[in-house]
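What follows is one structure encoded as C-alpha cells, with my remarks underneath.
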Amino acid sequence: MKKLIAANWKMFKTWSEGMQTARELLVATRQDLPADREVLLIPSFTLLKGVGEVFSGVENYYLGAQNFYPEEQGAYTGEISPVQLKDLGCSFALAGHSERRHVLGETDEFVGQKVRFGLEKGLNIILCIGEKIEERKKGQVEEVLHRQLAKGLAGVEKDIEPQRLSIAYEPVWAIGTGEVAGPKEIVHAHTFIRNELAEYFQFYKDIRILYGGSVKPDNASQILGLDNVDGVLVGGASLKAESFSQIVLAE
Ligand code: 13P
C-alpha cells in the first residue's frame, strides 16, 4: 500500500500564491518521490483548476476537494457537487473535516450522507474523524471514533475497493495547535480504527488510515513509521513548498 501525503490548504492562498506553491512543490519533490508514496493536493475550490494543471499527467500526484454537497446539481446556492469537482480533475474529497463539523455545524449523519454520495459519484473519499480534548479527558476517544465511523460509513458497500476510501484520524486538539498526538496515542487510535474497519469492509487491511494534526517536517518520519499509519493529512506545514516537500520526502 502506498502512503498518501496530503496537503489541506484550507482557506488560504490567492491564485498567484497557490500557483507558485504548486510549481515549487512539483520541482522540489517530483524527482525524488519514493516509489511507495502518493501526493494529494487539496486547495480551495478557486485553485483547483490551476493546481490541477500544474500536476496534470504527473504520476502519483492527485487533486482533491475540501468539501462538497451531496447532490448532483440543483438550487443549492454556494455549494459544489461531486460531478463539478470531477469535471475539474478532482479524484479525492474530504468529508467530515473537524472544522466542518465543529465550526460549520455538520452532523455525523450529514457527513455519512456525503461519504455515500461522493463514493457513488466516483470520488475517493477521505472520512475525517477525531475527538475533542474534553472527550479525550473523559476517556471517550473510542466511543467518539466508533460513533463517527458508524454514522460516516453507514451504507457503504462491504466490498468497496480499498483505494476509494481512507480514514483520517485528526484529534481536534492537535489541529493547528502545534500539539501533536504522541506515538502511543496515534497507534492506539489507528489500531482501534483498523479493528473497527474489519466490521465493515472485506478489504479493511488495505484501507488507508492517515494521521493529521500538527504534522511537521521534524515529526513526519516518526509518524509515518508507526503501525497502521498509511499517510498524513497536513494543514499548516503544507502551505509552504519547502516544509511540505520535506514531509513528502521524509524517510
Ligand atoms: P495542522 O497540520 O495545521 O494541524 O492541520 C491539520 C488538518 O486539519 C489537516 O486537515
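The values are calculated or read from the model by the stated rules, or taken from the named source; none is laboratory data. This is a predicted model, so every value here is computed, not measured. Here the Cβ is made from the backbone with ideal geometry for all residues, glycine too, and neighbour counts use every protein chain on show. These area figures cover heavy atoms from the full protein model, side chains too; ligands, DNA and RNA do not enter into them. Shrake-Rupley method; radii C 1.70, N 1.55, O 1.52, S 1.80 Å.
A few remarks follow.
- Look at (1) under 30 Å from residue 43 (Cβ atoms); (2) touching a helix residue (DSSP H, G or I) at 6+ places or on another chain (Cβ under 8 Å) and you find that residue 210 fails only one, number (2).
- The set of residues in the stretch 161-181 being at pLDDT below 95, in a loop (DSSP other than H, G, I, E, B) and not polar (S, T, N, Q) consists of 175, 176, 178, 179, 180, 181.
- Residue check, residue 130 open to solvent by less than 10 Å² (accessible area, probe 1.4 Å) and within 16 Å of the ligand (Cβ to nearest atom): yes
- Note on the stretch 81-108: residues that are in contact with a helix residue (DSSP H, G or I) (Cβ under 6 Å, 6 or more places away or on another chain) and either away from the ligand (no atom under 14 Å from the Cβ) or open to solvent by 70 Å² or more (accessible area, probe 1.4 Å) (or both) total 5.
- The one condition in (1) over 29 Å from residue 33 (Cα atoms); (2) away from the ligand (no atom under 13 Å from the Cβ); (3) crowded, with 17+ Cβ neighbours inside 10 Å that residue 172 fails to fulfil: (2)
- Count of residues meeting criterion [under 19 Å from residue 231 (Cβ atoms) and either open to solvent by 20 Å² or more (accessible area, probe 1.4 Å) or free of Cβ contacts under 8 Å to residues at least 40 places away in the same chain (or both)] in the stretch 38-48: 3
- Residues of the stretch 61-74 that turn out to be open to solvent by 30 Å² or more (accessible area, probe 1.4 Å) and more than 16 Å from the ligand (Cβ to nearest atom), as a count: 5
- Out of 216, 205, 158, 184, one residue alone is over 17 Å from residue 119 (Cα atoms) and not in a helix (DSSP H, G or I). It is 216.
- Scan of the stretch 1-37 for residues that are open to solvent by less than 10 Å² (accessible area, probe 1.4 Å), within 13 Å of the ligand (Cβ to nearest atom) and not β-branched (Val, Ile, Thr), ordered by number: 4, 6, 7, 8, 9
- Yes/no for residue 245 being more than 10 Å from the ligand (Cβ to nearest atom), part of a helix (DSSP H, G or I) and open to solvent by less than 40 Å² (accessible area, probe 1.4 Å): yes
- Here residue 198 meets the list (1) touching a Gly at 6+ places or on another chain (Cβ under 9 Å); (2) surrounded by fewer than 18 Cβ atoms within 10 Å (Cβ to Cβ) almost entirely, failing just condition (1).
Residues are listed down the side, and each one gets a yes or a no for (1) at positive phi; (2) touching a residue at least 24 places away in the same chain (Cβ under 8 Å); (3) crowded, with 19+ Cβ neighbours inside 10 Å; (4) not aliphatic (A, V, I, L, M):
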{"position": "149", "(1), (2), (3), (4)": "no, yes, yes, no"}
{"position": "152", "(1), (2), (3), (4)": "no, yes, yes, yes"}
{"position": "167", "(1), (2), (3), (4)": "no, yes, yes, no"}
{"position": "193", "(1), (2), (3), (4)": "no, yes, yes, no"}
{"position": "209", "(1), (2), (3), (4)": "no, yes, yes, no"}
{"position": "213", "(1), (2), (3), (4)": "yes, yes, yes, yes"}
{"position": "221", "(1), (2), (3), (4)": "no, yes, no, yes"}
{"position": "227", "(1), (2), (3), (4)": "no, yes, no, yes"}
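- Answer residue from the stretch 190-217, given it is among the aliphatic types (A, V, I, L, M) and within 15 Å of the ligand (Cβ to nearest atom) and is nearest to residue 232 (Cα to Cα) among those: 210
- Residue 52 meets all of the listed conditions (1) over 21 Å from residue 246 (Cβ atoms); (2) surrounded by fewer than 16 Cβ atoms within 10 Å (Cβ to Cβ); (3) not hydrophobic (A, V, I, L, M, F, W, C) but one, namely (2).
- Entry remark, the stretch 109-127: residues being in contact with a Leu (Cβ under 8 Å, 6 or more places away or on another chain) and either modelled with pLDDT under 95 or open to solvent by less than 10 Å² (accessible area, probe 1.4 Å) (or both) number 7 in total.
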